[in-house]
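Working notes for the structure below.
The values are calculated or read from the model by the stated rules, or taken from the named source; none is laboratory data. Values in this document were obtained by computation on a predicted structure and should not be read as measured data. So basically every Cβ, Gly included, is an ideal-geometry build from the backbone, and we count neighbours across all protein chains shown.
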Amino acid sequence: MDRLAFLISEGIRNLVRHKLTATTTVISLVLNLTVLSVLFLIGVNSHQLIEYLRSKYKIEVFFDSDLEEGRLPDIKAQIDAIPGVRSSTIITKEDAKRIFHDQFGEDVESMLGYNPLPASCVVNVVRETQKPVYPEAIIRQIKTIDGVDDISYQGRLISRIERAYLMGVKGEIAIAMVILLIIIIIMSGTIRLSAYARQDLMHSLQLIGASKWFIKIPFMIESLLISLTAALIAFGITVGVVQWGNSYLSRYRIEVNLDPNLLPALLIVGIIVGVISAQRAVSRFLRS
């Protein structure tokens with residue numbers, strides 16, 4: 001317990017000794033982590049948007065005009081079993097006649113003497129998935145079902161939406177990786193300065209038998225205090241910006257959702273960055 005208290009106190013002392021450098025580092029990390037937070041929220045909210053758009057994807061399946069109505073439940077079951085299908089709704093010939101009447105105010109059966117409208121099925125694809133949704137595979141399987149006459153869907157529009165979303169996700173990941181690299185470089189530089197100022201003490205501790213981890217831990221604590229402080233400040237700034245932005249966006253019935261996983265994600269990033277940075281910075285000063 002005394003050893004742990006010593007290590008923690010040494011980490012805090014390191015921070016106090018280099019408070020100007022630490023403050024500059026915290027400011028730099030806050031800026032980078034705030035950008036990372038914004039990217040995180042863009043990713044979360046864009047996924048919610050793409051899920052909404054996917055809920056509007058419709059595949060319309062038209063059946064043979066002479067198809068027996070008793071076969072419709074069986075065909076629906078076959079369609080529902082296809083991977084990627086979320087749900088399907090059967091529209092019988094009578095339903096189609098009623099829809100025609102509601103839209104055009106005419107009774108098609110009275111006009112023509114018979115009902116030419118075929119039975120059909122509206123198929124909804126899955127929407128809660130991280131992978132792009134392309135209905136072509138679903139359509140190929142639907143076409144193999146006996147009784148299917150024709151299929152209509154917005155293929156070109158869906159492909160464009162999914163490609164744009166995929167490119168956006170890849171772009172966000174690339175930017176996030178660059179920001180993480182910048183954060184690690186900044187933190188490593190700060191801890192390296194602290195280690196340089198105490199390298200004689202580090203070598204003395206090694207001579208009396210102290211392990212490398214015993215020497216590294218105070219610097220890791222210093223690094224963690226800096227990164228976690230920056231993460232908390234970045235979270236506070238992000239929350240403020242989101243609330244301020246929503247006060248204006250509400251006029252247009254638009255709202256940016258603040259994901260509850262943002263703070264845990266920032267703290268995890270802070271811990272990982274702190275450990276990696278201290279490890280990289282101090283290792284070079286320790287004799288093998």
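One table, with the values for the structure above:
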| item | result |
| --- | --- |
| Qualifying positions in the stretch 143-166 - under 28 Å from the mean Cα position of the chain (by Cα) and among the hydrophobic types (A, V, I, L, M, F, W, C) | Leu157, Ile158, Ile161, Ala164, Leu166 |
| Boolean, Tyr248 is at pLDDT below 80 and of a type in the set (Ser, Thr, Tyr) | no |
| Positions within the stretch 151-202 being among the hydroxyl-bearing types (Ser, Thr, Tyr) and in a helix (DSSP H, G or I), in sequence order | Ser159, Tyr165, Ser188, Thr190, Ser194, Tyr196 |
| Matching option when the condition is under 30 Å from the mean Cα position of the chain (by Cα), farther than 13 Å from Ile59 by Cα, in the same structural domain as Gly274 (by TED's automatic domain parsing) and of a type in the set (Val, Ile, Thr), among Ile173, Ile191 | Ile173 |
| Number of the condition not met by Ser188 [criteria: (1) touching a Ser or Thr at 6+ places or on another chain (Cβ under 6 Å); (2) modelled with pLDDT of 90 or more; (3) not aromatic (Phe, Trp, Tyr)] | (2) |
| Residue check for Val242: closer than 20 Å to Leu41 by Cα and in contact with a Leu (Cβ under 6 Å, 6 or more places away or on another chain) | yes |
| Residue among Thr89, Thr144 that is closer than 29 Å to Glu51 by Cβ, without any contact (Cβ under 8 Å) to a residue 12 or more places away in the chain and not assigned by TED's automatic domain parsing to the domain that holds Ser28 | Thr144 |
| Top-ranked residue of the stretch 47-67 - restricted to ones that are among the charged types (D, E, K, R) and at pLDDT below 85, ranked as farthest from Pro132 (Cα to Cα) | Asp66 |
| Selection within the stretch 77-97 - in contact with a Cys (Cβ under 9 Å, 6 or more places away or on another chain) and crowded, with 17+ Cβ neighbours inside 10 Å | Ile79, Ser88, Ile90, Ile91 |
| Answer residue from the stretch 273-288, given it is of a type outside the set (S, T, N, Q) and exposed (fewer than 14 other Cβ atoms within 10 Å of the Cβ) and is modelled with the lowest pLDDT among those | Arg287 |
| Count of the stretch 255-270 residues which are farther than 15 Å from Val44 by Cβ and surrounded by fewer than 16 Cβ atoms within 10 Å (Cβ to Cβ) | 2 |
| Output for the stretch 119-173, where each listed residue is over 21 Å from Val44 (Cα atoms) and among the basic types (Lys, Arg) | Arg140, Lys143, Arg156 |
| Near pairs, Cβ below 8 angstrom, 6+ apart or cross-chain, from the stretch 95-115 (more than 20 Å from Phe62 (Cα to Cα)) to any residue that is surrounded by 10 or more Cβ atoms within 10 Å (Cβ to Cβ) | Glu106/Phe100; Asp107/Lys97; Asp107/His101 |
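To keep it simple, each residue is scored yes or no on (1) at pLDDT 80 or above; (2) loosely packed, with under 15 Cβ neighbours inside 10 Å; (3) out of contact with any helix residue (DSSP H, G or I) (no Cβ under 9 Å at 6 or more places or on another chain).
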residue	(1), (2), (3)
Glu106	no, yes, no
Met111	no, yes, yes
Leu117	yes, no, no
Ser120	yes, no, no
Asn124	yes, no, no
Gln130	no, yes, no
Ala137	yes, yes, yes
